[in-house]
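The values are calculated or read from the model by the stated rules, or taken from the named source; none is laboratory data. Owing to the predicted nature of the structure, the values given are computational and were not obtained by experimental measurement. In this analysis, Cβ positions are derived from the backbone assuming ideal geometry, glycine residues included, and neighbour counts consider all displayed protein chains.
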Amino acid sequence: MALPKAKEVVSSNPGVVFSKSYCSYCVSVKKLLTELGASFKAIELDTESFHFLKVMGVRFNQRLLS
């Protein structure tokens, strides 16, 4: 299931950016984090796993930018 995978990704990384590859806000955040030398994992929701979208909405009660 996607929820265990999402929990594993979040717990095993100092920072996680759930992103869409075409989202300009996401691109800016990833660029800034990289420039700052921050350690993070980017999950590209439009290419890696659509199931993360469902998990993010249920787990964190958040709406995602489309």
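Residue pairs whose Cβ atoms lie under 7 Å apart, sitting 6 or more positions apart in sequence or on different chains, and linking a residue in the stretch 29-46 that is in contact (Cβ under 8 Å) with a residue 12 or more places away in the chain and farther than 21 Å from A6 by Cα to a partner that is among the aliphatic types (A, V, I, L, M) and not in a strand (DSSP E or B), do not occur here. Restricted to helices (runs of 4 or more DSSP H) entirely inside the chain, those with at least 1 residues that are modelled with pLDDT under 90 are 2-11, 51-60.
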